[in-house]
1. Could you sort 196-209, 22-35 so that the peptide with the highest average Cβ count within 10 Å comes first and the rest follow in order?
2. Search the structure for amide H atoms under 5 Å from the amide H of GLY54, placed 1.01 Å from N in the peptide plane, and list their residues when 5 or more places away or on another chain.
3. Alpha carbon centre of segment 10-28 versus segment 120-176: separation in Å?
4. Starting from 0 in steps of 5 Å, tell me what percent of the Cα-Cα pairs of segment 127-226 lands in each bin.
5. Give the relative contact order (percent, whole number) for the chain; include only Cα pairs under 8 Å separated by 6+ residues.
6. Over all distinct Cα pairs, what is the inverse of the mean 1/r for segment 81-195, reported as the Kirkwood hydrodynamic radius in Å?
7. Straight-line reach from LYS252: which aspartates and glutamates fall under 20 Å, measuring Cα to Cα and dropping same-chain residues less than 8 apart?
8. Hey, which of these cross-link pairs are over 27 Å Cα-Cα: LYS157/LYS198; LYS91/LYS157; LYS157/LYS194; LYS91/LYS209?
Amino acid sequence: MSNTVLCIRNNFITTITINRPDVKNAVDDETMNQIRKEVEESYEDGSRVVILTGNGGAFSSGADIKKALQSKLNPEEAISVLTDSYAPAIKAVRNCPCPVIAAIDGIAAGIGLDLALACDIRLVSDTAQLSELFIRVGLVPDGGGTYNLQRLVGPAKAMELTFTGDSVPADEALKLGMVNHVFSSDTFTDDVMKFASKIAMQSPTAIRKAKTAILAAQTGTLEDAMSREAKLQLEIFQSEDGFEGFRAFLEKRPPKWMSQ
């Protein structure tokens with residue numbers, strides 16, 4: 001396994017760490033391929049939560065432009081890297097059945113930010129800086145940023161951040177709705193793990209189906225959403241964990257979930 005990505009699985013939580021601190025965790029095709037692989041395998045191995053983060057005080061500074069230029073990729077080859085490596089990794093994160101948390105300590109820029117935007121939840125340290133900086137090198141966002149960013153901050157603000165490439169500090173990102181929580185950099189790792197553990201304690205079946213419902217409800221009507229909710233609720237009641245939550249509540253004990 002490539003050492004550009006580290007993976008630890010513990011107590012139903014998988015932590016995937018981009019490990020290229022010498023380039024502020026800039027990503028290349030090998031790194032993105034490994035991220036995709038680890039995300040897909042984490043669910044297959046029974047993880048209930050995935051944490052995606054970076055090593056050495058940065059989440060990811062974006063694509064490894066220096067390496068790309070050294071490789072002398074022609075336009076067609078560059079686009080093949082995007083479609084064959086970058087896009088599948090982004091899609092794997094979004095389509096992962098269990099929740100994926102982006103833990104951002106430091107910079108998340110370009111494709112690095114788009115990778116974080118594809119996650120379900122974003123937790124940042126107070127030193128975080130988020131930037132859709134593609135415009136600074138004369139490009140458009142290519143990691144789903146045009147899709148995901150405007151759904152968080154609205155079209156007008158998404159256009160501003162895309163057109164300027166401005167960096168957004170942690171406190172402003174929280175106000176804009178780009179991130180869920182800001183934690184102190186001194187306790188960031190512990191705070192992220194506590195947050196992830198809280199999710200991992202819940203019913204794995206209910207979490208997966210709730211994620212499915214929320215993503216599907218981004219389009220369609222209220223009636224569509226409620227019909228979908230009833231169908232998913234029936235599937236839960238028919239599962240081995242169907243009434244465990246009720247029983248545990250009445251018996252004043254922690255639930256014992258059988259599903260993974």
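Rule-based calculations on the coordinates, nothing more; no lab input. It should be emphasised that the depicted structure is a prediction, and the values quoted were computed from it without experimental measurement. Every residue, glycine among them, receives a Cβ derived from its backbone with ideal geometry; neighbour counts consider all protein chains shown.
1. Details: 196-209: 17.8, 22-35: 21.3.
Packing order, densest peptide first, comes out as 22-35, 196-209.
2. The list, which skips near neighbours in sequence, is ILE18, ASP105.
3. Centre-to-centre (Cα) distance: 21 Å.
4. Pair shares across the bins are 2, 10, 15, 16, 16, 18, 14, 6, 2, 0.
5. Values: 449 pairs, mean separation 40.1, N = 260.
The normalised contact order for the chain reaches 15 percent.
6. Working: mean 1/r = 0.0705 Å⁻¹.
Mean inverse Cα-Cα distance, inverted, gives 14.2 Å.
7. List returned: GLU240, ASP241, GLU244.
8. Values: LYS157/LYS198 32 Å; LYS91/LYS157 24 Å; LYS157/LYS194 32 Å; LYS91/LYS209 18 Å.
Flagged as over cut-off: LYS157/LYS198; LYS157/LYS194.
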